[in-house]
Structures are given as C-alpha cells and as structure tokens.
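Below: the structure, in structure tokens.
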Amino acid sequence: MFFRRNKKQEIDFDHLPKHIGIIMDGNGRWAKKRGLPRSAGHSMGAEALKKIVTECNRIGIGYITVYAFSTENWKRPKEEVDYLMNLLLNYLKDAERSLAGENVVIRAIGSRAELSEEIQEQIIKTEAFTAKNDGIVMNIALNYGSRDEILQAVKTLAKKVSAGELDAEDIDDTKLSACLYTGGQPDPDLLIRTSGEERLSNFLLWQVAYSELWFTKKLWPDFTKEDLYQAIYDYQQRNRRFGGV
C-alpha cells in the first residue's frame with residue numbers, strides 16, 4: 001500500500017519506521033516571529049503534537065517519543081517553566097479524553113522527583129487510564145536527560161552486581177537497554193528535529209545510535225502531517241546498514 005503525496009513521492013506503508021523520536025524545537029521562535037509571548041508558541045506546539053501523534057497512530061507507527069521538557073529546561077525563566085508545567089499538566093488531563101479515545105498508550109519517561117505532586121499524580125492516572133489501549137505508544141520525555149538516564153541504568157546494574165544478582169562480565173548492551181526508560185521498546189528508526197538545529201541535545205543518546213536523523217528548518221508549531229510524510233519518505237530512501245555493507 002502506498003500514500004502518494006505528489007507525483008514525485010510515495011510512502012510504502014508496509015515498511016514504516018517502528019519508532020519515531022521527535023525533538024520539538026522552535027516554539028519560542030515561532031511566537032517571537034509573530035510578536036506573541038513564548039507561552040503562545042508552546043500552546044501551538046501542544047496542538048501540533050496532538051495532530052502528529054494522531055496521524056502516526058492512524059498510519060500504523062508503533063512508538064513515538066517526544067522531547068517535552070529536558071532536565072536543562074529548568075534554567076529557563078520561572079514564568080516560562082511554570083507555564084510549561086501547567087501546559088503539560090493540562091495536556092495529560094486532556095489526553096485522557098482525546099488521545100485515549102484514539103487508542104493511544106501514554107507513558108511519561110524521565111525523572112519524576114522534581115515534578116509537582118499534582119503532575120506526578122496525573123502521570124500515574126493518565127498512564128493507568130491508557131494502559132488498556134493497544135495503539136501507538138507515546139513516550140512523553142518529561143524532565144528527561146539522556147545522560148542521567150544512562151547513569152541511572154548503570155547504577156541499577158551496579159546494585160545488581162553488588163547484591164550478587166548479576167555477574168559484571170554478563171553485562172551487555174541488551175541488559176543496559178532494559179534498564180533505560182524505554183526498556184522493552186524498539187530503538188527509534190527515525191529521529192526528527194525541527195527549527196533548523198542539528199544536534200541531539202541530550203535526547204535518547206543510547207537509543208539513537210543507529211537512527212536515521214532528519215532535520216527541518218520548520219518551527220515545531222508549523223510542523224504538519226505533510227512534513228511527517230516527507231520525513232518518512234526520506235527515511236525510506238536511505239540504506240540502513242547498521243555498520244555492515
């Protein structure tokens with residue numbers, strides 16, 4: 001089955017990426033270009049996310065991981081951080097009514113200790129409410145940092161070695177992967193970053209070792225399903241050798 005965007009491009013729906021990661025960048029710049037407060041950009045970015053997740057689910061993508069709030073984002077002005085936290089809280093609440101109805105499984109990955117009690121409780125509620133769904137798994141990276149994630153995985157393995165539950169010589173990439181927030185999920189086949197920036201910014205450093213990277217100058221609030229199709233089309237034109245020939 002093929003989706004034809006135009007006469008030059010077509011997507012093979014039988015060979016879609018199993019897992020897509022997205023660094024949703026450019027909300028603030030989107031707002032600044034329009035003379036709006038940064039909060040307006042974040043609100044529009046949240047709307048774009050709903051549309052993209054819904055479309056990924058509709059076409060058969062199994063997993064999507066989105067960078068919502070990094071461990072470094074706490075350095076932003078308090079007013080902006082407070083707005084983002086409130087936006088994320090409302091997004092999780094709304095997901096129970098909207099994305100849950102689209103058969104989406106919602107998971108939050110990242111450290112929860114620094115989050116407010118209200119957000120932590122809502123995460124638990126939203127995850128439980130959507131756990132019965134069997135559609136796309138949406139990982140929301142919230143207070144997430146990949147270096148911290150890998151460090152915590154190493155500490156988990158070290159504790160098992162110390163307790164005599166694991167031999168240090170038996171530690172391999174499979175065991176470490178299982179201790180990451182995304183344990184049990186396939187690594188992203190495709191990583192998308194918007195706004196023209198071309199770096200990983202401490203996002204899924206272990207998991208994207210062999211991901212295809214796709215960058216666009218479009219700001220995240222302007223990212224549409226047509227852009228998603230373009231990224232998937234370009235991904236399908238690449239020869240993934242995983243270190244082979």
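The values are calculated or read from the model by the stated rules, or taken from the named source; none is laboratory data. What you see is a predicted model, and the numbers here were worked out from it, not measured in a lab. Ideal geometry is used to build each Cβ from the backbone, glycine not excepted, and the neighbour counts take in all protein chains shown. These area figures cover heavy atoms from the full protein model, side chains too; ligands, DNA and RNA do not enter into them. Shrake-Rupley method; radii C 1.70, N 1.55, O 1.52, S 1.80 Å.
Summed over region 56-80, residues that are open to solvent by less than 60 Å² (accessible area, probe 1.4 Å), under 18 Å from Leu16 (Cβ atoms) and more than 15 Å from the chain's Cα centre (by Cα) total 2. Residue-level check: of (1) touching a His at 6+ places or on another chain (Cβ under 9 Å); (2) more than 25 Å from Asp12 (Cα to Cα); (3) hydrophobic (A, V, I, L, M, F, W, C), Val137 misses just (2). The set of residues in region 190-202 being crowded, with 23+ Cβ neighbours inside 10 Å and assigned to a loop (DSSP other than H, G, I, E, B) consists of Thr194 alone. Confirm whether Ile22 is surrounded by 23 or more Cβ atoms within 10 Å (Cβ to Cβ), touching a residue at least 12 places away in the same chain (Cβ under 8 Å) and of a type in the set (A, V, I, L, M). Yes: the conditions hold for Ile22.
With respect to Ile124, determine if the residue is open to solvent by 10 Å² or more (accessible area, probe 1.4 Å), among the β-branched types (Val, Ile, Thr) and touching a Leu at 6+ places or on another chain (Cβ under 8 Å). No.
Scanning region 205-231 for residues that are more than 19 Å from Gly45 (Cβ to Cβ), within 16 Å of the chain's Cα centre (by Cα) and open to solvent by less than 30 Å² (accessible area, probe 1.4 Å) returns Gln207, Val208, Ser211. Among the residues of region 143-153, is any more than 22 Å from Asp82 (Cα to Cα), free of Cβ contacts under 8 Å to residues at least 24 places away in the same chain and not polar (S, T, N, Q)? The answer is yes, given that some residue of region 143-153 is more than 22 Å from Asp82 (Cα to Cα), free of Cβ contacts under 8 Å to residues at least 24 places away in the same chain and not polar (S, T, N, Q). One residue is enough: does region 172-186 have a residue meeting the conditions open to solvent by less than 30 Å² (accessible area, probe 1.4 Å) and either more than 19 Å from Ile64 (Cα to Cα) or of a type in the set (Lys, Arg) (or both)? Scanning region 172-186, I find at least one residue that is open to solvent by less than 30 Å² (accessible area, probe 1.4 Å) and either more than 19 Å from Ile64 (Cα to Cα) or of a type in the set (Lys, Arg) (or both), so the answer is yes. Inspect all residues belonging to region 93-110 and state whether any of them is closer than 24 Å to Leu205 by Cα, without any contact (Cβ under 8 Å) to a residue 60 or more places away in the chain and open to solvent by 30 Å² or more (accessible area, probe 1.4 Å). Checked region 93-110: at least one residue is closer than 24 Å to Leu205 by Cα, without any contact (Cβ under 8 Å) to a residue 60 or more places away in the chain and open to solvent by 30 Å² or more (accessible area, probe 1.4 Å). For region 228-241, the condition of being closer than 26 Å to Phe13 by Cβ, out of contact with any Phe, Trp or Tyr (no Cβ under 6 Å at 6 or more places or on another chain), small (Gly, Ala, Ser) and at pLDDT 95 or above holds for none of the residues. Applying the condition of being outside any strand (DSSP E or B) and open to solvent by less than 10 Å² (accessible area, probe 1.4 Å) to region 127-144 and asking which residue is nearest to Gly21 (Cα to Cα) yields Ile136. The residue of region 203-245 that is farthest from Asn57 (Cα to Cα), among those that are assigned to a loop (DSSP other than H, G, I, E, B) and among the β-branched types (Val, Ile, Thr), is Val245.
Contact annotation: residue pairs with Cβ atoms under 6 Å, 6 or more positions apart or on different chains, pairing a residue in region 67-82 that is under 23 Å from Tyr181 (Cα atoms) with a partner that is among the β-branched types (Val, Ile, Thr) and open to solvent by less than 80 Å² (accessible area, probe 1.4 Å), are Tyr67/Ile23; Ala68/Ile140.
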